[in-house]
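**Student:** Supplied in structure tokens, the structure appears directly below.
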Amino acid sequence: MFAIGISYLNGWAMAAADGARKELAEWPPHPDRVYMALAAAWFETGENPGEGEALRWLETLPHPGISASDCTTRRAVVSFVPVNDSRVSRNVPRSMDLGELRDAGLAVLPEHRSRQPRGFPVAIPYDPNVYLIWPEIELGEHRAALERLTTKVTHVGHSASLVQAWVEVEGEICPTWEPMEGIATHRMRVFSTGRLENLTLAYNRANIVEYEDLKARSDALRGTRRKAMQEEKKRMDSAIAERFGTQAPVRLRPLPTRWQGYGKPVKNDFPDRPASVFDPNLTVLTVRGRRVPLTTTLKLTQALRGVLMDCCPQQPPPEWFSGHKLSGTPTSEPHMALLPLPFVGDQYGDGRVMGLALALPRSLDLEEAGQCLGAFLYDTKTRFPREHRLFDGRWFECRIELETRERLPKNLDVDTWTRASRTWASVTPVVLNRHFKGKDKWAQAAESVKDACGHIGLPRPREVMLHPVSLVEGAPIAREYPQLTRKSDGGRQSHAHAVMIFDVPVRGPVIVGAGRFRGYGLCRPMDN
């Protein structure tokens with residue numbers, strides 16, 4: 001194991017995540033930004049061959065894990081700053097008097113330059129130390145060169161974002177972000193093979209040094225009357241024109257070469273415990289705007305499904321995505337479920353929807369999931385989470401986007417809905433598969449819920465209790481929810497809240513009943 005450690009000496013990091021717009025702060029620092037800081041230190045200190053080999057070796061390694069705390073961001077303020085030093089031309093007319101020359105010289109001072117709006121986005125981490133971690137890699141022969149190079153790094157991002165960097169080879173550092181395929185909460189710029197060569201071309205050091213040398217030698221011969229000197233100057237000017245044309249070589253802004261998904265390490269503490277067919281790593285979307293009550297679940301998931309279908313690049317969408325076969329008939333295989341995440345389970349819980357979640361089938365290929373959901377989750381240009389508007393004139397109006405915060409409210413934390421438990425209570429009512437009659441109709445209904453647990457891969461509960469009221473504080477009673485309508489004949493299906501007790505702890509998410517793909521039948525583990 002080895003890691004590159006970075007400590008932000010000022011306690012904050014100044015780096016723009018949105019390029020030239022400079023409105024959003026980047027956190028955690030992307031691996032490619034750290035690599036460019038190492039490359040800049042190499043360029044500016046003589047391009048030591050051993051350090052260059054260490055940088056090329058880094059390019060060949062797998063993408064690193066990242067250990068970084070959560071952060072707050074400084075409120076964005078637009079500042080008006082002087083433009084770069086517009087120096088006085090060297091071809092100053094001889095007719096200018098002393099006063100005119102003095103005025104021309106004052107143009108280089110900041111107070112006499114024009115000003116342009118600039119943003120300085122800042123992230124303020126709770127812990128100023130960040131690590132890029134390669135847990136399976138040993139440094140070997142490159143250790144000394146990389147240690148020298150890291151000591152030369154002065155800043156990461158803006159030049160005011162001062163850092164101290166070092167190489168860590170002892171101990172165990174647990175990553176808080178890991179590279180992952182498919183659906184990820186963050187998209188980060190990473191480096192790969194050929195990155196140093198790409199940066200060398202953008203830095204353009206050799207051409208700029210050559211041009212400045214020829215130009216300085218040519219300017220030194222300006223005004224001479226000796227014929228030999230005049231001929232030498234003509235030859236130099238001709239060489240400059242032939243080599244560089246009419247434009248002086250410039251340094252270019254390096255462009256990102258590759259983006260990689262990063263997410264929290266996947267928890268699988270009890271792989272042997274029974275679990276449903278749904279993946280416990282829910283994709284959480286935060287809801288912003290007007291308060292949306294939990295009783296609008298059907299309308300809300302219907303609107304979300306419409307947006308998902310529109311954003312899917314594969315048309316018609318695959319079976320796991322839409323829940324329908326290519327023929328249009330409903331599928332019998334597990335497919336994506338849409339869930340509300342309400343403020344419940346607390347004495348102040350009011351049942352408002354704080355977020356939505358996508359529950360994908362456990363057997364789904366992550367790469368395929370990323371291809372179908374990428375356009376919905378991320379903006380294709382900025383790589384930031386994409387915001388969507390959900391609207392129903394009567395029921396709600398809100399905006400949703402992928403949740404990327406590290407410290408989440410309890411009801412948006414995936415573990416709140418998926419941790420192992422023997423007892424599960426419904427937050428949204430469980431839809432029964434048919435109407436039951438007779439004196440023992442509630443016992444028959446309870447048996448149908450036990451059968452529904454088997455439909456999602458769970459063992460049969462020891463006991464099921466049905467009731468109009470949820471055991472979870474803050475969840476509305478069953479009759480406040482609209483009834484689900486059968487697509488086959490338009491009939492309305494009954495529903496009720498349920499408490500299920502299993503013989504062994506089972507992992508979530510537990511979503512049971514006929515309405516499980518539309519947000520009904522969502523259950524929560526109960527500790528007591």
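The values are calculated or read from the model by the stated rules, or taken from the named source; none is laboratory data. Fair warning: this is a prediction, and the values are worked out from it, not measured in the lab. Cβ atoms come from the backbone with ideal geometry, glycine included; neighbour counts cover every protein chain shown. For accessibility, only protein heavy atoms count, side chains too; no ligands or nucleic acids. Shrake-Rupley method; radii C 1.70, N 1.55, O 1.52, S 1.80 Å.
**Student:** Nearest 20 debye, what's the magnitude of the dipole of segment 355-399 about its Cα centre given +1 on Lys and Arg Cβ and -1 on Asp and Glu Cβ?
**Tutor:** Charge dipole, segment 355-399, about its Cα centre: 180 debye, nearest 20.
**Student:** Taking the Cα centre as origin and putting +1 on Lys and Arg beta-carbons and -1 on Asp and Glu beta-carbons, what dipole magnitude results for the chain, to the nearest 20 debye?
**Tutor:** Once rounded to the nearest 20, the dipole reads 1900 debye.
**Student:** Taking the Cβ of residue 326 as the centre, find all other residues whose Cβ is under 14 Å away and add up their charges (Lys, Arg: +1; Asp, Glu: -1).
**Tutor:** -1
**Student:** Sticking with this structure for a sec: At 1.4 Å probe radius, can you tell me the per residue accessible area of segment 314-427 in Å²?
**Tutor:** Computed with neighbouring chains in place, this is 49 Å² per residue.
**Student:** Using 0.36 nm times the number of residues separating residue 407 and residue 73, minus their current alpha carbon distance, what extension gain do you get?
**Tutor:** Length gained between residue 407 and residue 73: 118.8 nm.
**Student:** Here is a follow-up. Spin-label point model (7 Å from Cα, Cβ direction): what's the residue 170 to residue 362 distance in nm?
**Tutor:** It is 4.3 nm.
**Student:** Take the Cβ-Cβ distance between residue 23 and residue 422 as r, set R0 to 30 Å, and report the resulting FRET efficiency rounded to the nearest 0.05.
**Tutor:** Rounded to the nearest 0.05, the efficiency is 0.05.
**Student:** Using only Cα atoms, locate the centre of segment 294-322 and the centre of segment 464-505, then give the distance between them in Å, rounded to an integer.
**Tutor:** 22
**Student:** Now for a different question. How far apart, in nanometres, would the label points at residue 395 and residue 56 be if each is projected 7 angstrom from Cα along the Cα-to-Cβ direction?
**Tutor:** Going from the residue 395 label point to the residue 56 one covers 6.1 nm.
**Student:** How far apart, in nanometres, would the label points at residue 136 and residue 43 be if each is projected 7 angstrom from Cα along the Cα-to-Cβ direction?
**Tutor:** For residue 136 paired with residue 43, the spin-label model returns 3.3 nm.
**Student:** Compute the FRET efficiency between residue 486 and residue 465 as 1/(1 + (r/R0)^6), taking r as their Cβ-Cβ distance and R0 = 30 Å, and round to the nearest 0.05.
**Tutor:** E between residue 486 and residue 465, to the nearest 0.05, is 0.75.
**Student:** So what's Rg/Rh here for the chain, counting alpha carbon atoms and using the Kirkwood radius for Rh?
**Tutor:** Reported Rg/Rh, Kirkwood definition of Rh: 1.13.
**Student:** What is the Rg over Rh value, at two decimals, for segment 260-320, using alpha-carbon atoms and the Kirkwood definition of Rh?
**Tutor:** On the Cα set of segment 260-320, Rg over Rh gives 1.03.
**Student:** Separate question: Measure nothing but the geometry: give the 0 to 90° angle between the long axis through the Cα atoms of 205-220 and the longest principal axis through the Cα atoms of the chain, rounded to 10°.
**Tutor:** 30
**Student:** Label point 7 Å out from residue 152 along Cα-to-Cβ: which residues of segment 199-218 have amide N under 20 Å?
**Tutor:** Backbone N within reach: 199-210.
**Student:** Quick one: with all protein chains in place, what share of the accessible area of the chain is carbon or sulfur, to the nearest percent (1.4 Å probe)?
**Tutor:** Of the solvent-accessible surface of the chain, carbon and sulfur hold 50 percent.
**Student:** Where only protein heavy atoms count, and the probe is 1.4 Å, what is the accessible area per residue for segment 160-266 in Å²?
**Tutor:** 63
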